[in-house]
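As C-alpha cells, the structure follows; a few thoughts come after it.
The values are calculated or read from the model by the stated rules, or taken from the named source; none is laboratory data. Remember, it's a predicted structure, so these values are computed and weren't measured experimentally. Here the Cβ positions follow ideal geometry from the backbone for every residue, glycine too, while neighbour counts run over all protein chains shown. Surface areas here come from the heavy atoms of the whole protein model, side chains and all, with no ligands, DNA or RNA. Shrake-Rupley method; radii C 1.70, N 1.55, O 1.52, S 1.80 Å.
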Amino acid sequence: MATFKTLPDDVVAYLQTKVGLSLPRTIDALGLAETSKVTLNENVDVWQLPSNLVAEPSNDLNLLAKPTGEWHLQVKSEDIPVAYARCGPLGFAPTDWSVDAPTDQSVDAPTDWSVDGVFQSDLAQKIDQAMAWIDSNFQNENILVRLLVSPAYQLHAFWLIDQDEPSQQTIVIVDAPDEYLFQKPPQTYSPQQFLDSLRSVRHVEGIF
C-alpha cells in the first residue's frame, strides 16, 4: 500500500507523554469518560503550499510546496479519531523529504520536541477517512504520501507522489471550502487540476 512517512515508535512514545499533559482538557472538552484511553496514532509529515506560489507558472508541487518540519498525529479514543496534535522537533531545520530518499527513511530522534497543540476538530475524522481510502486504493508501496496544507485556502489534502516517476502525482482532498468545487474520494486530482481550481477563486487575504 502507499507509504506514509512516519515517526519512529520511540518519538511517538515521547510525544504521547508530552501530549498527555493536554489530554485531560481534551477529554473534558469532548465529554469522554475519565477512564477513556486517549492515544496518539497515525502520523504524517506536513507540507505547506504558500498562497504566493500558487500563482507561479508551474504545476509541479515538488517546486511549489515546502516542508514545515511539523507532524500531524491522530488522537484516538477506542480507535475513534477525536482530535489531532501538531508537533515538531527542536534543534534543527525541517527535514527535506526528497522523493529520491529511501522509503524506510525515518526521523533522527532529537533531544526534544515541541507540541504546538491538541485540537478538537472534525478534521481528525476526515483525515482518518482519507487515509483509509488511500490504503485501500493505492497498493503501490512506491507511492509516497504527504499531508499538504494551505492556510490561505483553508485546505487540507493528501499529496501522493510516485517515487519511481516523481512527475506522477495525485491529490486527494481532505477538507476545502465549497467554492473550490473539490470532491472527496473517490474523486482525485492531478496537480494541474488542483492548482487551476485554487487559482480560479480569490484566497483569504492575509499573510501566509
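The table that follows gives values for the structure above.
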| item | result |
| --- | --- |
| Cα shape, the stretch 150-208, gyration tensor, a/c 1.5 rule | prolate |
| Probe 1.4 Å, protein heavy atoms only - accessible area per residue of the stretch 122-208 in square angstrom | 49 |
| Within the stretch 107-208, trypsin sites (Lys or Arg not before Pro) in DSSP loop having at most 12 other beta-carbon neighbours inside 10 Å | Arg202 |
| Theoretical gain in end-to-end length, Asp196 to Gln120 [0.36 nm per residue, Cα-Cα removed] | 24.2 nm |
| Segment Ala13-Glu165, extension gain: residue separation times 0.36 nm, minus the distance between their alpha carbons | 51.3 nm |
| Simple label model, 7 Å out from Cα along Cβ direction - Met1 to Asp178, nm | 3.3 |
| Order of exposure, largest accessible area first, which applies to Trp133, Trp159 with probe 1.4 Å | Trp133, Trp159 |
